[in-house]
Amino acid sequence: QVQLVESGGGLVQAGGSLRLSCTFSGRNFGSTGMGWFRQAPGKEREFVAAISCGGANTEYADSLKGRFTISRDNGKNTVYVQMNSLNSEDTGVYYCAARFGCMSKKDESNYSYWGQGTQVTVSS
């Protein structure tokens, strides 16, 4: 049974940083593509970043390039997203997702498993 547990969310001032973690269990993490998505209040869920099985390939939402960095540690079954220069528009619930197959994908329809989400609130 696949489980994803996010952590690291919280309240941060504008301009600050946070690193979210997602711990994965229940299947071979090394053969699982991973992604991060977020949902702001009153908006649809949107893609943040994705990473391939070995970590060599990454994808980012265009608006987040340069501020967010996705990475993974296959030895710890964990994927991370480092978020810098946060602003109020980054407020929302952040979800970790896993997919069958190695490639990094932007479309959430490619993902079969989801975490419960972690709240990120950026105060201005």
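The values are calculated or read from the model by the stated rules, or taken from the named source; none is laboratory data. What you see is a predicted model; the values in this text were computed from it and never measured. Here Cβ is always computed from backbone atoms with ideal geometry, including for glycine, and neighbour counts include all displayed protein chains. Surface accessibility is based on the protein's heavy atoms, side chains included, excluding ligands, DNA and RNA. Shrake-Rupley method; radii C 1.70, N 1.55, O 1.52, S 1.80 Å.
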Using a 1.4 angstrom probe on heavy atoms only, work out the carbon and sulfur share of the accessible area of region 16-124 in %.
-> 43 percent
Sort LEU18, LEU86 by accessible area with a 1.4 Å probe, largest first.
-> LEU18, LEU86
Region 88-124 and region 1-22: distance between their alpha carbon centers, rounded to Å | 10 Å
Projected onto the charge dipole of region 10-124 (unit charges on the beta-carbon of Lys, Arg, Asp and Glu, signs +1, +1, -1, -1), the Cα from ALA61, PHE29, VAL12 with the largest positive-side position is that of PHE29
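Taking the DSSP beta bridges in the chain as the whole, what percent of them are antiparallel, to the nearest 5?
So the antiparallel bridges amount to about 85 percent of the total.
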Net charge dipole size for the chain [Lys, Arg +1 and Asp, Glu -1 on Cβ; Debye, nearest 20] = 240 debye
Please name whichever of VAL93, ASN74, VAL122 sits farthest to the positive end of the charge dipole of the chain, dipole taken about the Cα centre and charges placed at Cβ: Lys and Arg +1, Asp and Glu -1.
-> ASN74
Would you mind working out the accessible area per residue for the chain, using a 1.4 Å probe, and quoting it in Å²?
-> 49 Å²
Inter-site label distance for SER109 and ASN28 at 7 Å from Cα along Cβ, in nm | 2.8 nm
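Counting each pair of different Cα atoms once, what's the Kirkwood radius of region 1-102 in Å, rounded to one decimal?
Numbers: mean 1/r = 0.0725 Å⁻¹.
After inverting the mean inverse Cα-Cα distance, the result is 13.8 Å.
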